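**Q** Can you read through this structure? Questions will come right after.
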Amino acid sequence: MSDGPPPCHCVLCHDYGDRDRMDNFLLRTIVHITQYGWSVVLVPGDDGPGWAYTVGLWHSHRAPELAMFGGDVYETEEILNALGRRTAEGAGPVAGGRLDDAVRGRPAAFRAVEQPWYRALLPGAVSFYRRPPLEFLQVVWPDEGGLFPWQPGTELPFRHSQPWLWLHPRQHPAGSWTRHL
């Protein structure tokens, strides 16, 4: 029998003895989480697609953190903030779920991210929580025809535009996403 959600291990809930040495990224993240309940980290793609992810949804709402890959990082930020607001209202996404109006009025699917990806692609969350959050969900968007990357009929470039982080890195095809490992 559980006594509620597991405790939060973030730098706000625990003093790890280095609060006086936190970098600007972590300090800004803490300000955003304190003001809004979460922060969105943007990672512009240098020679490939960019991505964005949340930090603080677990701390504030005991809900999975979210990550979205490919596409414009500012549009991705807007989508993650909208999903963060849904989460704050108690209607956030769940692993294996789908929301029909999550991405530009189109559906999004949600897949649990395997932990070996966390340090490479979601380092700000690892820095904030000091251990991986209990759950990270990848927000997966469909192509123009409404098909998700794993569905038959999708074009190869679209299938590679988002990583498949629900697969262990050893199972993921080599490419622009695995080079971050």
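Yes/no matrix, rows are residues, columns are (1) surrounded by 21 or more Cβ atoms within 10 Å (Cβ to Cβ); (2) over 22 Å from residue 33 (Cα atoms); (3) modelled with pLDDT under 95:
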{"site": "65", "(1), (2), (3)": "yes, no, no"}
{"site": "74", "(1), (2), (3)": "no, no, yes"}
{"site": "89", "(1), (2), (3)": "no, no, no"}
{"site": "95", "(1), (2), (3)": "no, yes, no"}
{"site": "99", "(1), (2), (3)": "no, yes, yes"}
{"site": "114", "(1), (2), (3)": "no, yes, no"}
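**Q** Sticking with this one: Does the range 157-177 contain any residue that is under 25 Å from residue 11 (Cβ atoms), of a type outside the set (Lys, Arg), touching a His at 6+ places or on another chain (Cβ under 6 Å) and surrounded by 14 or more Cβ atoms within 10 Å (Cβ to Cβ)?
**A** Narrowing the range 157-177 to residues under 25 Å from residue 11 (Cβ atoms): 165.
Now restrict to residues that are of a type outside the set (Lys, Arg): 165.
Now narrow it down to the ones that are touching a His at 6+ places or on another chain (Cβ under 6 Å): none.
For the range 157-177, residues under 25 Å from residue 11 (Cβ atoms), of a type outside the set (Lys, Arg), touching a His at 6+ places or on another chain (Cβ under 6 Å) and surrounded by 14 or more Cβ atoms within 10 Å (Cβ to Cβ): absent.
**Q** Let me ask something else. Search the range 166-181 for residues that are touching a residue at least 40 places away in the same chain (Cβ under 8 Å) and pair each with any residue that is basic (Lys, Arg) when their beta-carbon atoms are under 7 Å apart and the residues are at least 6 apart or on different chains.
**A** As it stands, the answer is 166/111, since those pairs meet every condition given.
**Q** Quick check on my filter: what residues within the range 39-62 are farther than 23 Å from residue 105 by Cα and of a type in the set (Gly, Ala, Ser)?
**A** Of the range 39-62, the ones farther than 23 Å from residue 105 by Cα are 43-48, 55-56, 58-62.
Passing the criteria: 45, 48, 56, 60.
**Q** To continue, here is another question. Just for the range 34-55: of the residues that are more than 23 Å from residue 175 (Cα to Cα) and either β-branched (Val, Ile, Thr) or touching a Lys or Arg at 6+ places or on another chain (Cβ under 8 Å) (or both), which one is surrounded by the fewest Cβ atoms within 10 Å (Cβ to Cβ)? Spell out how you get there, then give the answer.
**A** The first filter runs over the range 34-55 and keeps only residues more than 23 Å from residue 175 (Cα to Cα), leaving 34-40, 54-55.
Next, from what is left, pick out any that are either β-branched (Val, Ile, Thr) or touching a Lys or Arg at 6+ places or on another chain (Cβ under 8 Å) (or both): 34, 39-40, 54-55.
Working: 34: 13, 39: 25, 40: 24, 54: 31, 55: 27.
Among them, the one singled out is 34.
**Q** Mind listing whichever residues of the range 136-151 are in contact with a strand residue (DSSP E or B) (Cβ under 6 Å, 6 or more places away or on another chain) and either surrounded by fewer than 17 Cβ atoms within 10 Å (Cβ to Cβ) or part of a strand (DSSP E or B) (or both)?
**A** Matches in the range 136-151: 136, 137, 138, 139, 140.
The values are calculated or read from the model by the stated rules, or taken from the named source; none is laboratory data. The model shown is predicted, which means the values in this text are computed figures rather than measured ones. Glycine also receives a Cβ, built like all others from the backbone with ideal geometry; neighbour counts cover every protein chain displayed.
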